Amino acid sequence: ALWQDNLRRLFAYSSIANAGYMLIGVAAAFASMDAGEAGALNGIGATIFFLAIYSVATIGVFATLTWLGSRERQVEHMDDLAGVGSTHPFAGIMMAVFLFSLAGIPPLAGFWGKFEVFLAALGVDADTAAAGSSVRSWFLMLAVVGVINAAIAAAYYLRIISVMYFRSPLTSPKAEGG
């Protein structure tokens, strides 16, 4: 997604990463089942919370892209968003808020969704009977990899925002929604 110019492909790649965050919560729930109901509910609750936030932010991004487009020309590439912050300020602000949330920038909801999922992973501390070693270290490593991936993902979300606000428009999109 870092080098992607097609917005729909970029969001398709980012959805894979977001599915991975949800799987961290599901894995934490399954690993915590032996520890009792509370541990498993933390993982499931974190996953549902993250899914709700991710769904709203993603729908918001695609709704904004649809609003900015028209029947003749859809917003499909990064260049189509150049200067949207100045040509369509409200759409630019809404898109930025949704993208900041997807990036996990505090204090937006996306940060708290990722935080809950990573916290659920860090809360796993059951011992596996088969291996005789702690699963906690694996979940610690999974949370660290997740945080690193979230930082990388923030780069492509912030790239879209920079195009919207720091590049001059090639052509002004004729927003059919407004």
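The values are calculated or read from the model by the stated rules, or taken from the named source; none is laboratory data. All of these numbers come straight from a predicted model, not from anything done at the bench. Ideal geometry is used to build each Cβ from the backbone, glycine not excepted, and the neighbour counts take in all protein chains shown. Accessible surface is based on the protein model in full, side chains and every heavy atom, while ligands, DNA and RNA are left aside. Shrake-Rupley method; radii C 1.70, N 1.55, O 1.52, S 1.80 Å.
Considered as a group, the residues in the stretch 123-178 that are touching a helix residue (DSSP H, G or I) at 6+ places or on another chain (Cβ under 8 Å) and acidic (Asp, Glu) include one that is modelled with the lowest pLDDT, and that residue is GLU176.
Of the listed requirements (1) open to solvent by 60 Å² or more (accessible area, probe 1.4 Å); (2) part of a helix (DSSP H, G or I), PHE11 misses just one: (1).
You will find that of VAL117, VAL56, VAL84, the residue that is over 24 Å from PHE30 (Cβ atoms) and in contact with a Gly (Cβ under 8 Å, 6 or more places away or on another chain) is VAL84 and no other. Six or more apart or on different chains, Cβ under 8 Å: which pairs go from a residue in the stretch 89-112 that's free of Cβ contacts under 8 Å to residues at least 60 places away in the same chain and within 14 Å of PHE49 (Cα to Cα) to one that's open to solvent by less than 20 Å² (accessible area, probe 1.4 Å) and in a loop (DSSP other than H, G, I, E, B)? Could you list them? Once the first residue is free of Cβ contacts under 8 Å to residues at least 60 places away in the same chain and within 14 Å of PHE49 (Cα to Cα) and sits in the stretch 89-112, its partners that are open to solvent by less than 20 Å² (accessible area, probe 1.4 Å) and in a loop (DSSP other than H, G, I, E, B) give GLY110/GLY104; PHE111/GLY104. Does VAL135 meet the test of being aliphatic (A, V, I, L, M) and touching a strand residue (DSSP E or B) at 6+ places or on another chain (Cβ under 9 Å)? Yes.
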